[in-house]
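Undergrad: The structure under discussion is supplied below as structure tokens; questions concerning it will follow.
The values are calculated or read from the model by the stated rules, or taken from the named source; none is laboratory data. For clarity, every value in this text was computed on a predicted model and none was experimentally measured. All Cβ positions, even for glycine, are placed from backbone atoms using ideal geometry, and neighbour counts span all protein chains on display.
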Amino acid sequence: MAPSVTAPVLFPLEAGKPSVEFRFNVITAQALEERAGCAPWMLSMRGQSVKALVLMLTYALQHARPDINENKAARLIQRYLENGGKVKALAEALTEAMNASGVYGEREESATEDEGDADPLAKTSQETLDG
């Protein structure tokens, strides 16, 4: 079965609130690229990681917040940081959501599963309990 192009990644963006879903699809990825003038990772390579972070958050939340814009996304990031959040964790979750979407190709799920089999410490809690 083909992967869902809207696979969400849950992330605790706002303190005291439930985790939000970061979700991309072809339409939001295209809008992100048009606004950025390039793919999001190209912004990071140019040293414009704050711009990339704001744009990725804006488009990752559009499914749930159609009125979100870059200013609102920047304020969300600022509050997240003020509450002790880490930029690296946010950037990784946004990248994971982009990868999980399947928009840029196949998800890397099968490679991760194969690697997990090679590492005996990568067992799930249930596998550990079962023996």
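Undergrad: Taking interchain pairs and intrachain pairs at least six residues apart, which have beta carbon atoms under 6 angstrom, with the first residue in the range 52-64 and more than 12 Å from Glu21 (Cβ to Cβ) and the second not in a helix (DSSP H, G or I)?
TA: Matching pairs, first to second residue: Thr58/Ile68.
Undergrad: Return the total of residues in the range 20-76 being of a type outside the set (D, E, K, R) and part of a loop (DSSP other than H, G, I, E, B). Show your work before the answer.
TA: Let us first name the residues in the range 20-76 that are of a type outside the set (D, E, K, R), namely 20, 22, 24-32, 36-45, 47-50, 52-64, 66, 68-69, 71, 73-74, 76.
If we keep only those that are part of a loop (DSSP other than H, G, I, E, B) too, we end up with 24-25, 37-39, 47-48, 61-64, 66, 68-69.
The number of residues fulfilling the criteria is 14.
Undergrad: May I pose another question? Of the conditions (1) closer than 20 Å to Leu10 by Cβ; (2) more than 15 Å from the chain's Cα centre (by Cα); (3) at pLDDT below 90, Gln48 fails just one. Which one is it?
TA: Unmet condition: (1).
Undergrad: Further question: Considering the range 76-97 alone, what residues qualify as being of a type in the set (Asp, Glu) and in contact with a strand residue (DSSP E or B) (Cβ under 7 Å, 6 or more places away or on another chain)? I'd like the intermediate steps shown before the answer.
TA: In the first step, residues of the range 76-97 are kept if they are of a type in the set (Asp, Glu); the result is 82, 92, 96.
Residue satisfying the conditions is Glu96 alone.
Undergrad: If only one of Glu92, Glu21, Glu34 is among the charged types (D, E, K, R), under 24 Å from Gly105 (Cβ atoms) and surrounded by fewer than 12 Cβ atoms within 10 Å (Cβ to Cβ), which one is it? If you could, list the steps in order and put the result at the bottom.
TA: Working: Glu92 fails: surrounded by fewer than 12 Cβ atoms within 10 Å (Cβ to Cβ); Glu21 fails: surrounded by fewer than 12 Cβ atoms within 10 Å (Cβ to Cβ).
Matching residue, one of Glu92, Glu21, Glu34: Glu34.
Undergrad: Just to be sure I understand, how many residues within the range 44-94 are over 21 Å from Asn25 (Cα atoms) and of a type in the set (Phe, Trp, Tyr)? So that I can check it myself, show each step before the final result.
TA: As a first pass, look at the range 44-94 and keep what is over 21 Å from Asn25 (Cα atoms): 45-50, 71, 74-89.
Of the ones still in play, those that are also of a type in the set (Phe, Trp, Tyr) are 80.
Number of matching residues: 1.
Undergrad: Filter the range 98-130 down to the residues that are out of contact with any Pro (no Cβ under 9 Å at 6 or more places or on another chain), modelled with pLDDT of 65 or more and not in a helix (DSSP H, G or I) and list them by number.
TA: Restricting attention to the range 98-130, the residues satisfying the condition of being out of contact with any Pro (no Cβ under 9 Å at 6 or more places or on another chain) are 99, 103-105, 108, 110-130.
Now drop any that are not modelled with pLDDT of 65 or more, which leaves 99, 103-105.
Listed by number, the residues that qualify are Val103, Tyr104, Gly105.
Undergrad: Is it the case that Asn99 is free of Cβ contacts under 8 Å to residues at least 40 places away in the same chain, touching a helix residue (DSSP H, G or I) at 6+ places or on another chain (Cβ under 8 Å) and not hydroxyl-bearing (Ser, Thr, Tyr)?
TA: No, not satisfied.
Undergrad: Would a scan of the range 59-76 turn up a residue that is closer than 19 Å to Gly105 by Cα, surrounded by 13 or more Cβ atoms within 10 Å (Cβ to Cβ) and not polar (S, T, N, Q)? Full working, then the answer.
TA: Within the range 59-76, the subset closer than 19 Å to Gly105 by Cα is 59-60.
So of that shortlist, the ones also surrounded by 13 or more Cβ atoms within 10 Å (Cβ to Cβ) come out as 59-60.
If we keep only those that are not polar (S, T, N, Q) as well, we get 59-60.
Yes, some residue in the range 59-76 is closer than 19 Å to Gly105 by Cα, surrounded by 13 or more Cβ atoms within 10 Å (Cβ to Cβ) and not polar (S, T, N, Q).
Undergrad: Continuing with this model, one more query. When you look at Thr95, is it part of a helix (DSSP H, G or I) and modelled with pLDDT of 50 or more, yes or no?
TA: yes
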